[in-house]
Amino acid sequence: MYDENILKEKSDSVMKKILVVYYSWSNGNTEAVAKKLQAGLQADLVRIETVQPYTGSYDEVVQQGQDEVDRGYKPAIQPLSVNVQDYDVVAVGTPTWWYTMAPAVATFLDAVEWQGKTVIPFMTNGGWPGHVIADIKKACAGAEFAQAMQVKFDSTGGSRMETPEAEIEAWIHELQKSLLEDA
Ligand SMILES: Cc1cc2nc3c(=O)[nH]c(=O)nc-3n(C[C@H](O)[C@H](O)[C@H](O)COP(=O)(O)O)c2cc1C
């Protein structure tokens with residue numbers, strides 16, 4: 001018979017704590033990818049929300065987003081329900097907004113001390129991925145990075161995923177190997 005407490009102590013000490021943090025506005029595209037990752041890594045999941053919601057039509061928000069990205073505007077975001085400092089590994093997911101991360105994600109990245117953490121950058125886009133992953137990495141000073149992922153959805157801003165499901169599964173499998181098995 002094994003001792004469940006010893007088993008639990010062991011798994012607490014070797015398992016890394018993983019958090020998936022994401023922002024999603026249009027269709028839940030980024031949320032869908034975040035949920036697959038959460039399931040694959042047995043991670044906690046939390047969504048970033050702005051204090052002031054984006055309430056315009058799609059085209060209006062596309063324009064507002066352009067203005068905010070151009071100005072480097074970082075909107076206030078609501079407090080998260082978890083303390084990011086409690087996690088060793090943080091996956092950060094964002095839709096592409098004007099070739100970079102959504103402004104709400106820039107706000108989030110600025111508020112965290114990244115030294116000593118491993119970040120998994122991922123993003124969704126409609127065919128113009130720009131420099132999202134590079135920008136996330138720049139904003140996480142001192143972090144190490146696990147394999148990043150770009151997931152393409154349709155070019156009209158809709159919810160049809162064009163990246164093959166198998167590519168996402170392979171990415172999650174790689175992360176499982178590098179983050180869980182050698183923990
Ligand atoms: C304000 C705004 C700007 C966007 N800019 C880009 C872009 O530069 N490149 C791109 O490929 N898609 C762009 N898109 C499309 C979204 O990145 C894409 O539809 C994404 O999957 C939406 O994710 P979500 O449903 O999680 O919000 C933009 C969408 C919005 C609303």
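The values are calculated or read from the model by the stated rules, or taken from the named source; none is laboratory data. This is a predicted model, so every value here is computed, not measured. Cβ: placed from backbone, ideal geometry, glycine included. Neighbour counts: every protein chain shown. Note: areas computed on protein heavy atoms with side chains; ligands, DNA, RNA excluded. Shrake-Rupley method; radii C 1.70, N 1.55, O 1.52, S 1.80 Å.
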Determine the sum of side-chain charges near LYS36: Lys and Arg each +1, Asp and Glu each -1, restricted to other residues whose C-beta is under 12 angstrom from that of LYS36.
-> -3
Which three extents, in whole angstrom, do the alpha-carbon atoms of segment 79-183 cover along their principal axes, largest first?
-> 38, 32, 25
In the chain the DSSP beta bridges are antiparallel at a rate, in percent to nearest 5, of 15
Shape parameters for the chain, alpha-carbon atoms, Rg then Dmax in Å = 17.0, 63
Classified through the alpha carbon gyration tensor (a ≥ b ≥ c as square roots of its eigenvalues; rounded if a/c is under 1.5, else prolate when a/b is larger than b/c, else oblate), segment 44-128 comes out prolate
What net charge is computed for the residues neighbouring ARG160, neighbours being all others with C-beta under 14 Å from the C-beta of ARG160, Lys and Arg scored +1, Asp and Glu -1?
-> -2
Inter-centroid distance (Cα atoms) of segment 108-136 relative to segment 145-183, Å = 14
How much net charge surrounds ILE136 when only other residues with a Cβ under 15 Å from its Cβ are counted (Lys, Arg +1; Asp, Glu -1)?
-> +1
Ranking SER24, SER159, SER178 from most to least accessible area with a 1.4 Å probe gives SER159, SER178, SER24
Here the residues of segment 97-132 lying in the modelled label zone of ASP88, meaning backbone nitrogen under 14 Å from a point 7 Å along Cα-to-Cβ, are 116-119
Efficiency of FRET from Cβ geometry, GLN176 and TYR73, R₀ 22 Å, rounded to 0.05 | 0.05
For the pairs LYS35/LYS74; LYS17/LYS177; LYS36/LYS137; LYS16/LYS177; LYS36/LYS177, note any where the Cα-Cα span goes beyond 18 Å.
-> LYS35/LYS74; LYS36/LYS137
